[in-house]
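J.: Quick one: the structure is below, questions incoming.
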Amino acid sequence: MWPNSSAAPFLLTGFLGSEAVHHWISIPFFITYLSILFGNGTLLFLIWKDHSLHEPMYYFLAMLAGTDLGMTLTTMPTVLGVLVLDHREIAQGACFTQSYFIHTLAIVESGVLLAMAYDRFIAIRTPLRYKSILTNSQVMKVGLGALLRGFVSIAPPILPLCWFPYCHSHVLAHAFCLHQDVMKLACADITFNRVYPVILVALTFFLDALIILFSYVLILKTVGGIASGEKRAKALNTCVSHISCVLVFYITVIGLTFIHRFGKHAPRVAHVTMSYVYFLFPPFMNPIIYSIKTQQIQRGIIRLFSGHSRA
């Protein structure tokens with residue numbers, strides 16, 4: 001154990017009490033890691049190469065895949081380092097940087113899902129104006145907006161971590177750095193770091209979810225007014241993939257928030273497991289959802305792996 005020095009590195013934690021089987025636990029993590037890299041990497045490559053997918057809907061999907069890749073590449077190296085190599089030390093600067101990107105990318109993903117809801121709203125409510133509203137420049141502005149919102153909004157609670165003295169335990173609760181874990185180790189007034197994230201979650205995750213829900217209420221109202229049953233089904237089918245990804249993301253967000261806020265008496269393994277589900281399940285599921293539910297993606301994948309391309 002490191003002495004109680006403020007400059008000492010933090011110590012990451014795997015599955016306490018199961019250190020003897022960390023190597024076995026690492027196998028499903030490694031397989032999931034490779035699956036996420038392959039699935040999201042394939043989506044990005046496919047959207048880049050296939051000109052039939054050069055549309056706003058798929059540009060936003062590429063943003064989602066890129067965000068998922070970023071989240072995985074940010075968290076999994078330290079997780080596998082703990083489980084495979086028993087490498088638990090992480091420098092404070094590296095820890096704060098990892099925490100910043102983890103929380104930033106979570107907010108970016110919520111923003112991208114909101115942008116995708118906006119895309120579906122425009123496509124179904126005003127289909128004749130779809131291409132004139134969602135131009136390439138507009139898509140770029142929306143994407144940059146989601147990116148900037150995440151990077152700017154997370155800075156205020158992360159920067160004080162660099163100045164806090166750490167005179168207590170340096171042991172963190174996970175195999176990666178989270179703001180809520182690091183701040184508890186500080187020997188300083190952390191009132192701002194406790195209050196700010198609650199407000200931020202309300203103004204990002206909660207508000208984004210409400211806007212997405214409201215947009216789908218309007219979409220369903222529009223779809224209900226379409227006379228043709230076939231056209232109604234086709235319109236709704238274009239939303240199924242997005243709705244599935246929204247549910248996967250926000251259900252895990254709610255689950256993690258619930259267990260952190262109200263699960264103080266829950267077993268520690270429940271907290272740890274829910275954290276891994278939050279960081280791994282959406283990036284793992286999103287490519288699968290779009291590959292199964294979106295015919296254009298299916299055809300693109302077939303063309304990609306069969307060696308045929310479409311100009």
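What follows is calculated from the coordinates using simple rules that are stated; it is not laboratory data. These figures come from a predicted structure and were not determined experimentally. Positions of Cβ are backbone-derived with ideal geometry, glycine not excepted, and every protein chain shown enters the neighbour counts.
J.: Per q in 0.10, 0.11, 0.21, 0.24 Å⁻¹, report the Debye log10 I(q)/I(0) for the range 195-311, using one uniform scatterer on each alpha carbon and no solvent.
T.: For the requested q values the scattering log ratios are -0.48, -0.57, -1.17, -1.29.
J.: As an exercise, use a Förster radius of 51 Å and the Cβ-Cβ distance of Ser169 and Leu213 to find the FRET efficiency, rounded to the nearest 0.05.
T.: Computed FRET efficiency for Ser169 and Leu213 comes out at 0.80.
J.: Give me, ordered by chain and number, the residues 5 or more places off Glu89 or on other chains with an amide H under 5 Å from its own placed amide H.
T.: Leu12
J.: Helix 22-49 versus the longest principal axis of the chain: what angle, 0 to 90°, nearest 10, using Cα atoms?
T.: So the inclination is approximately 30 degrees.
J.: For each cysteine in the chain, check whether another cysteine's C-beta sits under 4.7 Å from its C-beta; list those where none does.
T.: Lone cysteines by the Cβ rule: Cys162, Cys239, Cys245.
J.: Calculate the FRET efficiency for Phe305 and Lys184 from the Cβ-Cβ distance with a Förster distance of 45 Å, rounded to the nearest 0.05.
T.: It comes out at approximately 0.40.
J.: Right, another one. Hey, what do the phi angles of the range 284-291 turn into as Karplus ³J(HN,Hα) couplings, whole Hz, using 6.51/-1.76/1.60 and θ = phi - 60°, x for Gly and Pro?
T.: 6, 7, 4, x, 5, 4, 6, 6
J.: If you bin the C-alpha pair distances of the range 27-75 every 5 Å from 0, what whole percents do you get?
T.: 5, 22, 28, 20, 13, 8, 4, 1
J.: Output the 0 to 90 degree angle, nearest 10, between the alpha-carbon long axis of helix 295-306 and the longest principal axis computed from the alpha carbons of the chain.
T.: That helix lies at roughly 80 degrees to the long axis.
J.: Of the listed values [x] 20.1; [y] 18.0; [z] 16.0, grab the one calculated as mean projected area of the Cα convex hull in nm² from the structure here.
T.: For mean projected area of the Cα convex hull in nm², the calculated option is [y].
J.: To continue, here is another question. Peptides 98-106, 60-68: what's the order by average Cβ count within 10 Å, highest mean first?
T.: 60-68, 98-106
J.: Another one. Based on the Cβ-Cβ distance of Arg232 and Thr97, what FRET efficiency does E = 1/(1 + (r/R0)^6) give at R0 = 51 Å, to the nearest 0.05?
T.: Efficiency, rounded to the nearest 0.05: 0.60.
J.: Oh, and also: Can you give the angle from 0 to 90° between the axis of helix 229-262 and the longest principal axis of the chain, with both taken from C-alpha atoms, to the nearest 10?
T.: 10 degrees
J.: Only sites in a loop by DSSP and with at most 15 other Cβ atoms within 10 Å count here; which chymotrypsin sites (Phe, Trp or Tyr not before Pro) in the range 148-216 make the cut?
T.: Passing both the DSSP loop test and the Cβ count: Trp163.
J.: Starting from 0.36 nm per residue, how many nanometres of slack lie between Phe258 and Lys141 once their C-alpha separation is accounted for?
T.: 38.8 nm
J.: Still on this structure: If we sort 132-143, 17-28, 249-260 on the protection proxy, mean other Cβ atoms within 10 Å, highest first, what's the order?
T.: 249-260, 132-143, 17-28
J.: If you don't mind, another one. Taking the range 24-175, how much of its Cα-Cα pair set, in percent, is spaced more than 18 angstrom apart?
T.: Counting every Cα pair in the range 24-175, those more than 18 Å apart make up 67 percent.
J.: Counting Lys and Arg as +1 and Asp and Glu as -1, what is the net charge of the other residues whose Cβ lies under 13 Å from the Cβ of His168?
T.: So the surrounding residues net to 0.
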